[in-house]
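Everything below concerns the one structure shown next.
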Ligand SMILES: Cc1cc2nc3c(=O)[nH]c(=O)nc-3n(C[C@H](O)[C@H](O)[C@H](O)COP(=O)(O)OP(=O)(O)OC[C@H]3O[C@@H](n4cnc5c(N)ncnc54)[C@H](O)[C@@H]3O)c2cc1C
């Protein structure tokens, strides 16, 4: 539903003044705002964001008796959750775990997700910095959330829980279930999956459309294309939360929440300045965010809440080299190269994605170079990994031997890619995959649109290596690539193939020369995936301020919340249900304006 100007004027003159001020700062105001004297809309609970946290929150609040308005920036519902892999590691004794004889309990989930002794082969701990209160709430509500999803129309692939696609989900038992798309159209293709895949593939297309349908059936009201830009408290930085401001195509809409506001805006990977507070290297060229262009993560939830004194929390989890926060590109020659997400012609957002990308099946077929045309690492190197079932084996909870038994084996492809070119700039700059027409044949690629993004500057070709280097001109290539450098890199690599040894970076036996024109350069810059730190919340998903006090009437969950290093859907859906129920249980404060 969208509102017209007349709808906005339900409370007289104050709104007209608000409208006259027009658009509000983007992504959200970092300044606390005076609450309006007149409101455009009024409900019990306002939920901001319609993704993995927001839709469950909205349904739970509505079913608990509150009137609910779901405010969503995009013209469509579902957020990153819609395009996700639909792998949902909810455990603690679900009906499916019981069916397959997997013994799990809330206590085991809690122990797993707070075990200090589990570290990755790169030395990073998955669980050490998790907030105990937040994890306890997740552990206690995990199995119930799984049953809640079933009851609200989500169909899971009919097989035992496994370890596929979940990350940092605990070492002790199998927990991951997979959402089946059934007849829902896949947002990546615009069509339903083929008959066999409808019940066997795992996708967020099997999670969000049924929840969307359940929310509409329950009577949740939607405001699409409304972007929250501020949260109002009684006085700008103190007192109860009264509501939000949203921007609808330049017009401000002030929405009062009689009981509570739930922030479910999904993190900050898309906000360059915000993400650089955690990692200064993450400059503008990291523009290939997983989940985009379906929805963005611009940190507006965190920024609006910080403006009214909310605290951030658990920041290590964001920079920890664990799981999929930062990933190696899986498709090259496109801006959006996240390994598990391909945009196909037919997708409703393909005009924004512009290209599908070339899926790399064997990194022996390319070399990777930086802006200066220099190799920097073994191209077959992996991205970060994460702990999962039997990631440590043998495993004894909290035992010093767990860390000792891990074979130290850091994989630093991503760190080398982000290292920069030795000048005073942060960020590694674009990373280019360089290959020849023999590689195209081996990979069975068709290096032309819509498979690659030529117009956007994410793919180039030329008849010589030197010409190729000269052609690489695009907005993130802030220095020209010296043709001699690229020629030298290709020539040296070819000699390595000749002798069967990579003397520079130890690539296991380099296999293929790069020598048959045409030559190609395809965007292969690391991809940002998800957010694992955000606003401080307690076990009820209430937002906590810089003094450790609850901000009355404000809730948060999912990627916008901190204290929990678990990847994705399980924590988001679980916290959504918790926040929705808690928000609805607040008493309506009609006395506060
Ligand atoms: C390609 C991909 C694959 C993934 N696969 C998996 C997987 O298999 N398993 C797993 O556990 N996790 C997976 N994830 C992660 C998971 O999808 C996310 O962690 C989860 O969706 C986050 O939920 P959320 O509610 O916090 O945010 P989202 O689901 O992104 O929802 C946030 C919503 O808020 C809206 N919004 C943002 N700002 C505003 C604002 N100011 N005003 C109004 N609305 C706003 C957004 O448009 C969006 O609709 C995947 C993610 C991606 C991108």
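Read the figures in this text as sums done on the coordinates, not as results from a lab. In this text, all values refer to a predicted model and were calculated from it rather than measured experimentally. FYI the Cβ positions are ideal-geometry reconstructions off the backbone, even for glycines, and counts take in every protein chain you see.
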statement: Here the averaged projected area of the chain, based on the convex hull of its alpha-carbon atoms and given in nm², is 26.8
statement: A student asked for the Cα radius of gyration and Dmax of the range 428-572 in angstrom ought to give 23.2, 68
- request: Please give the calculated 222 nm ellipticity per residue for the chain, where each DSSP H segment of at least 4 residues contributes -39500 (n - 2.57) and the sum is spread over every residue; nearest 500 deg cm²/dmol?
  value: -7000 deg cm²/dmol
message: Compute for the range 87-225: radius of gyration divided by Kirkwood radius, i.e. Rg/Rh, restricted to C-alpha atoms, rounded to two decimals.
response: 1.02
- prompt: Cα-Cα pairs above 19 Å in the range 326-462: how many percent?
  reply: 60
Interatomic Cα distance distribution for the range 120-191, bins of 10 angstrom, percent: 15, 38, 31, 16, 1
statement: Note on the chain, DSSP bridge orientation, antiparallel percent to nearest 5 equals 70
- prompt: For the range 27-48 and the range 548-591, what is the separation of their Cα centres, given in Å?
  reply: 17
query: Let a ≥ b ≥ c be the square roots of the eigenvalues of the Cα gyration tensor of the range 527-593; is it rounded (a/c under 1.5), or, if not, prolate (a/b larger than b/c) or oblate?
result: prolate
task: Pull out a ≥ b ≥ c, the square roots of the eigenvalues of the alpha-carbon gyration tensor of the range 458-536, then state rounded if a/c is under 1.5, prolate if not and a/b is larger than b/c, and oblate in the remaining case.
output: oblate
task: Quick one: pull the percentage of alpha-carbon pairs in the range 20-130 with a separation above 23 Å.
output: 60
message: Checking the a/c ratio against 1.5 first, then a/b against b/c, what shape does the Cα gyration tensor give for the range 187-241?
response: prolate
task: With the cut-off at 13 Å, report for the range 493-560 the share of all Cα pairs above it, as a whole percent.
output: 76
query: Could the peptides 91-100, 178-187, 297-306, 365-374 be put in order, highest first, of the mean number of other beta-carbon atoms found within 10 Å of their residues?
result: 297-306, 365-374, 178-187, 91-100
- prompt: Ordered by packing density, taken as the mean number of other Cβ atoms within 10 Å over each peptide's residues, highest first, how do 517-529, 567-579 rank?
  reply: 567-579, 517-529
task: Please state, rounded to one decimal and in Å, the Kirkwood hydrodynamic radius that the range 271-342 gives when every pair of distinct Cα atoms enters the mean of 1/r.
output: 13.8
- prompt: Quick one: which of 66-73, 214-221, 126-133, 287-294 comes out on top by average Cβ neighbours within 10 Å, and what's the full order, highest first?
  reply: 66-73, 287-294, 126-133, 214-221
- request: On a 0 to 90° scale, report how tilted helix 54-63 is relative to the longest principal axis of the chain, with both axes built from alpha carbons and the result rounded to the nearest 10.
  value: 20
statement: A correct Kirkwood calculation over the Cα atoms of the range 201-310 returns a hydrodynamic radius in Å of 16.2
message: With just the Cα atoms defining each centre, how far is the range 82-136 from the range 440-459? Give it in Å.
response: 40
